[in-house]
């Protein structure tokens, strides 16, 4: 999948600081899907922000970890209207070779439609 170069993941939509991640982990809500743990917390910024965590235990290859992160960010970017003013951390839990864009999108978007 080739991403268009003019549609980038804006910096103001990224969870970047450790304190922001800690705030979501300590005070946020959790929901589990088949392959991900999704943590979310309301914020006062009026925009949603996303952080993605994929550890070496899920994929030892950095190429596979980074690809999964890119796919999750692209799903977030294209469906930003679902993620109303939340700080969101999506953590990959399970190694799965068959994860593709459509299965990830179904899993994540389905969870946020329930909120």
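Details
- Contacts under 7 angstrom Cβ, first residue in segment 40-63 being more than 19 Å from residue 9 (Cα to Cα), partner surrounded by fewer than 12 Cβ atoms within 10 Å (Cβ to Cβ), 6 or more apart: 41/27
- Each residue in segment 79-91 was checked for being loosely packed, with under 15 Cβ neighbours inside 10 Å and touching a residue at least 24 places away in the same chain (Cβ under 8 Å), and 4 of them qualify.
- If you filter segment 10-39 down to residues that are touching a helix residue (DSSP H, G or I) at 6+ places or on another chain (Cβ under 7 Å) and surrounded by 16 or more Cβ atoms within 10 Å (Cβ to Cβ), you find that the one that is nearest to residue 95 (Cα to Cα) is 35.
- Breaking point among (1) surrounded by 15 or more Cβ atoms within 10 Å (Cβ to Cβ); (2) part of a helix (DSSP H, G or I), for residue 106: (1)
- Qualifying positions in segment 16-38 - assigned to a strand (DSSP E or B) and either more than 25 Å from residue 97 (Cβ to Cβ) or over 14 Å from the mean Cα position of the chain (by Cα) (or both): 29, 30
- Unmet requirement for residue 59, which otherwise passes all of (1) surrounded by fewer than 15 Cβ atoms within 10 Å (Cβ to Cβ); (2) over 15 Å from the mean Cα position of the chain (by Cα); (3) part of a loop (DSSP other than H, G, I, E, B): (1)
Laboratory data are not the source of any read-out in this text; all were calculated from the coordinates shown. Everything quoted here is computed from the prediction, not taken from an experiment. Glycine gets a Cβ as well: all are built from the backbone with ideal geometry, and neighbour counts include every protein chain shown.
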